[in-house]
Amino acid sequence: MKFKFSFLSGVIFVIAFFSLSAHALTFSLPSGDNAVVGMNQQATVEFNEDVTDIGQKYDVGYLELTDANPHVDFNHLRVGQKLIIPTRFILPNAPRKGIVINVSELRLYYYPPNQSVVITYPVGIGREEAITPLIKTYISDKKEHPEWIPTDQTRQEAMGKGIILPKVVEAGPDNPLGDYAMRMGMRSYLIHGTNDPSGVGIRSSAGCIRMYPEDVKELFPLVPIGMAVNIIDQPYKLGWNRDHLDMEVHIPLEYKNKPVPDTIAPIVDQIKPYIKGSYHAEIDWDRALKVMRGRRGVPEYVGRRDISNVNTAGTIETTSSQTIDQ
């Protein structure tokens, strides 16, 4: 996707951390070698709520909700029905700086400069035929109220569906970029808002990163031009939560629409360093296999270590691992 700019380059917004609204999922960075933040929540379905309403209320995406609640029919939600809200995360295995986007997780992590916090948002990514690239890049420009210039291919695809797209879509409610857009590098890929929040948390774009309107409005002034962006693919995440080793499993992108191999093999190589490391983790392999098969997208206990004689493991906001059962 493309859009026109009339933005003065070099202008950097300096926004104090306390100016963030309560909507952002913001956590203190865990100390030491810990990597788990947040706590899962429980929600009660209210009258006339659908999955998108709930996702926006709690700042989670569609697949995050459905994976964490596999026995719930989200097409027929009932008033009073209880849901798990997956707001507990293992931070990706990547440098904690700038913007990190984990495509399998459908989630963006932002590490503000000179602050010991992480802010995280759900995102939509490229469709199967328009894959979001895995790249290390940067924010090269920003635009409020962007115009959308559909590519020739996009216009042809729309025409095949009986939709005639103009060469330029002006800013406004019909613009799929929403009210804010940030270009990544010299490419046509953007981080932007949307006029259709149901596309957040799924593969819905032509390769760009889509955010809820309220989320991109929040992130936009915090991110300066030149900010690093790291797009990664980590469907399996492991991390310490003090003496517990937690694992978070997402369905890999290549298996989103077909059966996933029922095996623990993909995670074995990632677990080995925790066994051989200085803490000599004891792995509950039966539990690890259960977590792999469940693919709930939330951190779950799979092992432990002895930290009784160690003073450097640090502490984090949450002090116990969670198991998710329904």
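The values are calculated or read from the model by the stated rules, or taken from the named source; none is laboratory data. Just so it is clear, the model here is predicted, and its values are computed rather than measured. Every residue, glycine as well, gets a Cβ built from its backbone with ideal geometry; the counts of neighbours run over all protein chains shown.
May I ask you to list the residues in segment 135-154 that are farther than 21 Å from PRO224 by Cα and either modelled with pLDDT of 85 or more or among the hydrophobic types (A, V, I, L, M, F, W, C) (or both)? Those that are farther than 21 Å from PRO224 by Cα and either modelled with pLDDT of 85 or more or among the hydrophobic types (A, V, I, L, M, F, W, C) (or both): TRP148, ILE149.
Listed here are the residues, each with its yes/no results for (1) in the same structural domain as VAL216 (by TED's automatic domain parsing); (2) of a type in the set (A, V, I, L, M, F, W, C); (3) exposed (fewer than 14 other Cβ atoms within 10 Å of the Cβ).
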residue	(1), (2), (3)
PRO30	yes, no, no
VAL45	no, yes, no
ASN48	no, no, yes
GLY55	no, no, no
LEU63	no, yes, no
ASN69	no, no, no
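Does segment 224-236 contain any residue that is assigned by TED's automatic domain parsing to the domain that holds GLU105, more than 22 Å from PRO30 (Cα to Cα) and either of a type in the set (Phe, Trp, Tyr) or free of Cβ contacts under 8 Å to residues at least 24 places away in the same chain (or both)? There is no residue in segment 224-236 that is assigned by TED's automatic domain parsing to the domain that holds GLU105, more than 22 Å from PRO30 (Cα to Cα) and either of a type in the set (Phe, Trp, Tyr) or free of Cβ contacts under 8 Å to residues at least 24 places away in the same chain (or both).
Note on segment 46-154: enclosed strands (runs of 3 or more DSSP E) holding 2 or more residues that are in contact (Cβ under 8 Å) with a residue 40 or more places away in the chain and under 22 Å from VAL298 (Cβ atoms) are 82-85, 88-90, 98-102, 107-111, 117-122.
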